[in-house]
Every structure is written in C-alpha cells, then in structure tokens.
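The block underneath contains the structure these notes are about, expressed in structure tokens.
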Amino acid sequence: MDKSYDFLRDAAKEFLKNELHDVFPSPTLVELHEGDSMCRKLIRMLIPSHGDVYEQQLKDYSELRLLSEEEIIALRGKFKMYDSINDPCFRHWFWRVVRARSIDGKLLC
C-alpha cells in the first residue's frame, strides 16, 4: 500500500468519525487494501461489469477507448484476483437467473 496517501486515509477516517458520532447504531469503519478478499467483494458490488469481456466493456464504457494499451493493462491488472465462480459480474449473474428452471423444467423467468 502506498504510504504517500496515508494523510488522505487519515483525513477520511477523521471526517467520518466526526460526521457519524451521533448516528445510532454506530456504523463500523472498514479499511480495505487493494488485493484483500473483502476488496474483491466491494469491487464486485461497485463495478458490476468487472467480469464482462473487453469488447462488452468498450461498448458500455466508451471512455475506455481513451486509454492507452499500457493503461488498459494496468487497469485490468487491478482485477487479477477476480474469480468468475465466486465473484460473478452482473451480466453473468443475470443470465444465470434468467435461465433458471423449476424442478419440472419450466423457465422461472
């Protein structure tokens, strides 16, 4: 973890403590580090297209076309802990639900 951003992390923690001290029940502050398993879970919830094929991501997020090949490689490298079985992207999850069948073989959707 890059220590040069510690002052930002500390400022964010202090801000949250000050803003949330009267909230009941008191929320829990969770600090995640890139590469942690909980970080993967958060990424899955915040970026529902993380498991989509590159062409689909370009279609949905045309701004990706502005990045150089090196920037794309670096960005995709942040998802190296992605596990398609345990961390399904929204599209994969949706199609699995849509194709779900009842015990007697009828489509549920």
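Per-structure values
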item: Order of SER37, SER102 under a 10 Å beta carbon neighbour criterion, fewest first; result: SER102, SER37
item: Virtual spin-label span in nm between TYR61 and ILE73, 7 Å along Cα→Cβ; result: 1.9 nm
item: Packing-based exposure ordering (other Cβ within 10 Å, fewest first) of ARG91, ARG9, ARG65; result: ARG65, ARG9, ARG91
item: Nonlocal amide H pairs with GLY51, under 5 Å, H built at 1.01 Å; result: CYS89, PHE90
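No lab work stands behind these numbers, since they all come straight from the coordinates. No experiment lies behind these values; they were computed from the predicted model shown. Note: ideal-geometry Cβ built from the backbone for every residue, glycine included; neighbour counts use all protein chains shown.
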